[in-house]
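Notes follow once the structure below has been shown.
Each reported figure results from applying straightforward, stated rules to the coordinates on display, with no laboratory input. Given the structure is predicted, the values throughout are model-derived calculations rather than measurements. Don't worry about glycine lacking a Cβ; one is built from the backbone with ideal geometry, like all the others, and counts go over all protein chains shown.
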Amino acid sequence: MGSGSGSLVWFRKGIRIHDNPALEFASRTASHLYPVFVIDPHYMKPDPNAFSPGSSRAGLNRIKFLLESLVDLDLNLKNLGSRLLILKGDPAEVVIHCLKEWNVSKLCFEYDTEPYYQALDVKVKNFALAAGIEVFSPVSHTLFNPTDIIHKNGGKPPLSYQSFVKLAGEPPSPLTTVYSSLPPVGHLGSCDIFEVPTITDLGYGEAEQDEFSPFKGGESEALKRLDECMKDKKWVANFEKPKGNPSAFLKPATTVLSPYLKFGCLSSRYFYQRIQDIYRSMPKHSSPPVSLSGQLLWREFFYTAAFGTPNFDRMKGNRICKQIPWKDDDKLLEAWREARTGFPWIDAIMIQLRRWGWMHHLARHSVACFLTRGDLFVHWEKGRDVFERLLIDSDWAINNGNWMWLSCSSFFYQYNRIYSPTTFGKKYDPNGDYIRHFLPVLKDMPKEYIYEPWTAPKSIQTKANCIIGKDYPIPVVSHDSASKECRRKMGEAYALNKELNGLVGEDDLKNLR
Ligand code: FAD
């Protein structure tokens, strides 16, 4: 152990060959290379009690996306004379066992800012260093190193996008390494190596899910999708968010590269560079925060805020999160989660989440606002949990950051600006095609009633084969009175937060929570 010139490269995210500094370093002078991915059964195991197919932590769509990404990585490694070694078990224990069994002098893996990986990596790193194994753990999941930004900002993360952008500057370029081959895999000792499992191998039935996400995992898909997007230079140069149609589902209004960035099938530095190449050839282009490069900077912003904020994923003990007395109402939460709110725009989005694991940014806005400060006044952490499990792009920093944003708990405070569950979607899709697709029970409802089917006369409901209260639910709340009540409660909570802020210092406030 620690004496040979073998290297172990441990894939977790960063499931790619291009712009992968850990892989590049691991393979540079190695006689043998061990490319490893550890499947944690807890992450994958079917949960019979979950409300939709998947494990307790991940919906089946995301599990499938990950497995597809691993198959693709394995193929790409095989083309270079290597292969992916799949192991199973507790990731720290498994990697430590491999380090004991294999003759390696280098352990290389992408640095990860998520609390789960921070804890995991300390264990593995400590073992490796004590065993005389060199550890190389570069930052390559994000454009910037969040630690550097926090340092530049005097030890605290910048909490506004503008201040973040000012501090960040230009990101480093991606690596340009092109491999003709990789060092062969060494002797495997007593480690059990598996092929990438299928979802059936993991215990999921064939007919587990009625429709799978149309987005397939893997670096090859990611690069293909990126090329497709970059072909339309005008579209890239003029990209502006939040403009764009959240109800467009046949051809989504944004790139749908988020799941590939989440798993690192696509390097954010490479993505950023490709956008900059287009900007150079089209000087009249949009700018951050609304531009496409600006979207990648939003990602960086949330990563930095998350890394520098203790308890970022909860309200209590989180110094940047407003303390709001959210309601504990499981019935309302279930109606929202299971697309039974009686508001077709909201329910269609929640069905898209369950079937595809992806929805447009403004669709996410609509349902997150509805659940929290807009209508139901349910805790943002509950909605966060549902997104965290079901999104294929589920990302700890971005998801928590956006839920705090949408619930007006942090970053954004205009709680009077509420998305209407009946008129917002109509602006983009007056005919309700999006609703008809994801909620076929309403497919024959005339367009005059598609956003508010409870207002349709009984004769129309009968003709449309959809009786409200029988075939499709009556709304769980009246939007007018519910949103008014939400505004009142938010006003009270804000006043109280201000009062507390005035009475005690921010540190004392932390202790009070
Ligand atoms: P594009 O518009 O094409 O943008 C390109 C990339 O920029 C995205 O892939 C993403 O990496 C990044 N980006 C875009 N918008 C944001 C944003 N607001 N914040 C941070 N990064 C952004 N995004 C996730 O990747 N994972 C999540 O778990 C997630 N949870 C969300 C929860 C809520 C309540 C809301 C409102 C938004 C959430 N988002 C999340 C942010 C955003 O909706 C998605 O990143 C975006 O819709 C993905 O589609 P796209 O790749 O086509 O985006």
**Q.** Amide H contacts under 5 Å for residue 140, placed H, 5+ residues apart
**A.** 111
Q) If you place +1 on the Cβ of every Lys and Arg and -1 on the Cβ of every Asp and Glu, how big does the dipole about the Cα centre of the chain come out, in debye to the nearest 20? A) 1400 debye
Q. If you wrap the chain's Cα atoms in a convex hull and average its projection over all directions, what's the area in nm²?
A. 25.4 nm²
(Q) Cut-off under 22 Å on the C-alpha distance; same-chain residues fewer than 8 positions from residue 152 excluded. Which lysines are left, in chain and number order? (A) 166
Q: Treating each Cα of the stretch 23-164 as an identical point scatterer and ignoring solvent, apply the Debye formula and state log10 I(q)/I(0) at q = 0.14, 0.18 Å⁻¹.
A: -0.87, -1.20
Q.
Once the convex hull of the alpha carbons of the stretch 195-242 is built, what does its volume come to per residue, in cubic angstrom?
A. 123 Å³
Q) How big, on average over all directions, is the shadow cast by the Cα convex hull of the stretch 1-94, in nm²? A) 6.8 nm²
Q.
Relative contact order for the stretch 254-370: what percent, with Cα pairs under 8 Å and sequence separation of 6 or more?
A. 10 percent
Q) Want the number for residue 481 to residue 151: 0.36 nm per residue separation, take away the alpha-carbon distance, what's left? A) 114.1 nm
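I need the Kirkwood Rh of the stretch 1-44: take the reciprocal of the average 1/r across all distinct C-alpha pairs and report it in angstrom.
On the way: mean 1/r = 0.0861 Å⁻¹.
When all Cα pairs of the stretch 1-44 are included, the Kirkwood radius is 11.6 Å.
How many Lys pairs in the stretch 1-105 lie less than 20 angstrom apart by Cα atoms, where the lysines are 8 or more positions apart or on different chains?
On the way: 13/45; 13/64; 13/78; 13/88; 45/64; 45/88; 64/88; 88/100.
Taking the Cα cut-off of 20 Å, the pair count is 8.
With the cut-off at 1.5 for a/c, could you classify the stretch 320-400 from its C-alpha gyration tensor as rounded, prolate or oblate? Don't skip to the answer; put the middle values down first.
Working: a/c = 1.72, a/b = 1.12, b/c = 1.53.
Oblate, since a/c reaches 1.5 and b/c is not below a/b.
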(Q) Let me make sure I get this right: for the stretch 240-368, a, b and c are the square roots of the gyration tensor eigenvalues over alpha carbons, sorted descending. Under 1.5 in a/c it's rounded, otherwise prolate if a/b > b/c, else oblate. Which is it? (A) oblate
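I'm a student and want to see the number: the projected area of the Cα convex hull of the stretch 87-197, averaged over all directions, in nm².
That works out to 10.0 nm².
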Q) Please report, for the Cα atoms of the stretch 372-505, the Rg to one decimal and the Dmax as a whole number; what are they, in angstrom? A) 18.5, 63
Q | Amide N proximity, the stretch 403-433 versus residue 465 label position 7 Å along Cα-to-Cβ, cut-off under 20 Å | A | 432-433
(Q) Taking 22 Å as the cut-off for C-alpha to C-alpha distance, list the pairs among 316/382; 251/427; 241/331 that go past it. (A) 241/331
Q) Of the listed peptides 70-80, 283-293, what is their order by residue-averaged count of other C-beta atoms within 10 Å, with the highest listed first? A) 70-80, 283-293
